[in-house]
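Here, each number is a calculation from the coordinates, and none is a lab measurement. Keep in mind that this is a model prediction, so the values were computed, not measured.
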Amino acid sequence: MIQKNHSINIHEERLQKISNCISGLGLDFSENIQMLTSLCGELLNGTCALYSRLNQKILYSVGQWNTSCDFNPIDKADGHICHDLIKNNESKVTVMENLQETAYAYSDPNVKKYQLKTYVGKVVRYCSGLPIGSLCVVFKEDFKVTCEEKNIITLIASSIGREEDRRQAEEALKKSETNFRTLVDNNTDAIMRFDRNFRHLFTSRSVSQFVTIPPEDFIGKTHKELGFPEALYHEWEKNLQKVFDSGEPFETEFELDGPKGKRIVNWRLLPERSAENNNNKVETVMSVARDVTDLKNSIKEKLLMQSQLFHASKLASLGELAAGVAHEINNPLTIIRAHATIISDLIKAKMQHIDCHCENCNYCSNYDKELTFLKEQFQATERIESIVKGLRKYAREDTNQLENIDVEEIVDETKNLVVNIFSKDNISIKIEPDSPNKSKPYFVKANSGKLQQVIINLLTNAKDAIIEANGSMGGNITLKINSDNSENIIAIAISDNGIGMDPMQIEKIFVPFYTTKEVGQGTGLGISISNSIITSFGGKILVESKKNFGSTFTIVLPIEEISTKNPEKINEEKLNNFSKTKGNILIVDDEKMIRNIFKIYLRPLNFQVDEAANGEEALKMIEQKNYTYVISDLKMPIMNGHVFIEKAKKLACTSNTKFIIITGHQISDYQHKYSDTVNKLVDAYIEKPFSKETVIETLNKLGLH
């Protein structure tokens, strides 16, 4: 929990640092570039960070953070990673790993010299789109860049680009009057010059983007005489006077209604002194007005994106918590199920000893009622087991591992996970399976957790659409599975009778951050992410919808051809021989009741059953006695199951011992996590909650093959 809170604090701290830095930028663009470069290196926690400007085939590292004292800030551009990045002018963030194994280890002098392994860079552009330089963070170790970190370097590179625009504009102002006029007349910023009476001495043509007054009408007049609102021209004159009095530049922002509507204007005031003026008196003030509305909106969108990424990280934490809760439920669920089985067996045994032929015998009637109650309890535990299984699969660790998935099985599991929740809103879910005449189940190559995530997202959207249309009256969701052997595809269609969408909404449905829901009700990322997931599986999502009539989202995936042969059956003679054999079994589990269940299950099979509460205790017992089978849990105090089995397998006395793992996680997750050792150490798995039949079947298979 401490680690999760720490992760949340890091996200909040990053957002705050970005906001503080952008709002705290001053007039000196060189200092601003240095601040932004340092911020980027700090937030990505790199070895060092550089902003390199390209000028006539020379790279100038004008922004540096944490560079070595022997670093060369000026070098020929050829061969440098930054130069290739600028030259290619890629729009995306560039990530290069294993630098020591690339050609740059020989062409870029910094790669070998500083033993760099990972490079993360973004092209810096002028507002015109032309590349001017590159912002990069480098690492001496392998570094995996997150989407959030890519957004950070993109945002900071954009801010440096704006500082480069400022630099370009301010340096141009120092040129001769002729060059000055050529520049300002083609600059998108509105440039003006004022005398001490606040009259306009010069106005560039670009002022027309802010107001409808012709540029030539400004000359010789004040803002008041031009008819600007009183509150505005009073504020402008106060700021101009401040620059005349202090001799220092000044910057502010204000809102202005113009031809493009209400815009946010950044206004920079620069003092001008005459070369012949010995008293250093400010004679005129030059102003640069820039429309920063789009920039402000972009920053808001970036911050919103950071907030949504932060929200996504919280959801990921909840997923981990859900997986842990599901695992913990399996132990008591195993106990409840086992005790019900034991009680049922005891009742049936008693009934066999009762020699009664009465039709209305109270003894038989009571036993029948008890068996009925136990049957209902079995059904309830199976329902819990189904929900927990779906929850574990949904919240499983995202390994990007692809597997062969039975489509009808995953659809059924997902439906069971949400059907009772949806019923509270009077919404029913019905599955229409594929043709009953099909000869085999259909499989797709996908990640089960991600595929289930997509189905749940589409089901949730369908529920929201029904509630929006029908309120508490509810509605119906249909899951229909169709296969097309000629095209070798299978489709999962999710239909609802909800509010539906118009053609314009359908056109934007896969655009990130677009949502048809009210503010605060959706992030606009669900459908976009779902589409990306299905695309990564080689499939696609189709949409059909009509306003006020409902929608159908169809997941189309390629069918995976796999063998579906039935497993070899164990004949009755072998089973009978097995049940008569004797042997020693060691049960290793920190839950005493779980150990007791195994003893009750196994002792009637003529096994000598011993028990241990942890791996350390079990090792001592194995050294003193030979065991035919060892059944061990994974999560235990003192010594966990995996470490215990590794140590036990090294003992000479276990050469003929079969090791079985019992786990509350999905077996496929365990196999993936311990892929290097699992096949060597473990002979079989039993997944909680398990039944008596599962335990006996597992032992049968190990004993007969």
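Assorted remarks:
- Rh (Kirkwood; distinct C-alpha pairs) - segment 200-288, Å: 14.2 Å
- ³J(HN,Hα), Karplus 6.51/-1.76/1.60, whole Hz, each residue of segment 544-554, x for Gly, Pro: 10, 7, 9, 4, 6, 10, x, 9, 9, 9, 10
- Segment 57-141: Rg to Rh, with Rh as the Kirkwood radius over Cα pairs: 0.94
- Stokes-Einstein translational diffusion, segment 50-90 - Kirkwood Rh over all Cα pairs, 0.692 mPa s, 37 °C, in µm²/s: 310 µm²/s
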